[in-house]
Amino acid sequence: MSRNSRRSREERARMELYSGQGREPGLKTESPLRRGVFLLPATITSIGLLSGFYSMISAVSGHFEVAAVMIVIAFVCDGLDGRIARASRTSSQFGVEYDSLSDVVAFGVAPAMLAYSWALRPIGSLGIGVSGLFVLCSALRLARFNVQTATADKSRFVGLPVPGAAAMIAALALAYSYFEIDSPRALCTFMVPVTLTLGGLMISRVPYPSFKSIKLEKRAQIELVIIMMVCAAMLFAMPQLTAFLLSAAYVLSGPYLMLRGERLSAKVSVLRPVAAAKPHEANGSASQADTARSTRSLRDHQPAHR
């Protein structure tokens with residue numbers, strides 16, 4: 001083999017390694033496209049997080065419609081980032097944790113701020129307590145979801161999802177503006193039980209339908225396609241009223257499934273103990289094991305005092 005042909009082969013292999021098409025043994029390389037795909041779900045999650053933050057700013061400033069729209073945008077981003085991550089096979093533990101933190105802000109704190117600034121402010125401390133309970137229930141709901149996600153039923157959610165509760169509050173604010181209702185006392189009286197009910201549904205064991213198992217690339221029934229087209233047309237024609245009807249229908253779907261007899265059994269204990277970490281030093285682990293063994297031996301030989 002000539003020197004020129006050997007050199008050209010080495011240059012070709014180097015170019016393939018640089019472009020991510022070839023790999024040396026033990027060397028991991030990523031193409032720029034692959035790194036960009038990893039960045040896309042995190043970017044969408046960040047947009048949802050910032051939408052929740054801007055919703056809080058708008059609620060405090062008195063722009064309640066803008067605050068509700070920002071929650072809806074965060075809702076759309078929450079549905080997109082997971083699907084894009086699964087479709088591109090870029091799901092990671094970092095993305096799961098980041099999405100949960102974003103959900104606490106966008107679907108826990110932001111709708112609670114909207115509910116308080118828009119409807120619950122006249123009752124003062126009681127309104128703060130009701131809004132705080134909503135935030136607390138949303139955080140508990142997300143923590144339970146993260147613990148049970150490995151063994152959970154893919155077609156059902158355990159309790160009302162946090163985005164669904166947030167979308168209900170945003171839809172109520174949009175519907176209030178759509179019908180041009182001006183009754184602060186009636187609004188406050190109505191929103192107190194609604195906010196508490198949404199919080200209770202989040203931490204309950206009421207089954208709710210999950211749309212994660214729906215495959216968009218598969219064929220769908222003609223009835224489902226017609227329903228989706230009608231909903232899309234209504235969103236363009238009457239976005240505020242349609243958002244309220246869709247949110248209310250989803251919130252009521254859980255009690256409807258329970259009335260039909262569906263029950264969800266707890267497959268994983270939420271408060272299961274965490275395994276103790278093993279010490280890294282060999283000498284330290286041996287001494288701790290000897291100490292534990294001697295302590296256990298002394299405890300076993302002690303007389304019972306009870």
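Just so it is clear, none of the values below were taken in a lab; they were calculated from the coordinates. The structure presented is a predicted model; accordingly, all values stated were derived computationally and were not measured. Cβ atoms come from the backbone with ideal geometry, glycine included; neighbour counts cover every protein chain shown.
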In the set Ala106, Ala68, the lone residue that is in a helix (DSSP H, G or I), more than 14 Å from the chain's Cα centre (by Cα) and aliphatic (A, V, I, L, M) is Ala68
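Of all residues in region 173-189, how many are loosely packed, with under 15 Cβ neighbours inside 10 Å, in contact (Cβ under 8 Å) with a residue 40 or more places away in the chain and farther than 17 Å from Leu245 by Cα?
So the answer is 2.
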From the option list Val162, Val147, Val158, single residue qualifying as surrounded by fewer than 19 Cβ atoms within 10 Å (Cβ to Cβ) and in contact (Cβ under 8 Å) with a residue 40 or more places away in the chain is Val147
Scanning region 53-73 for residues that are under 17 Å from Asp99 (Cα atoms), in contact with a Ser or Thr (Cβ under 7 Å, 6 or more places away or on another chain) and free of Cβ contacts under 8 Å to residues at least 60 places away in the same chain, the one surrounded by the most Cβ atoms within 10 Å (Cβ to Cβ) turns out to be Met70
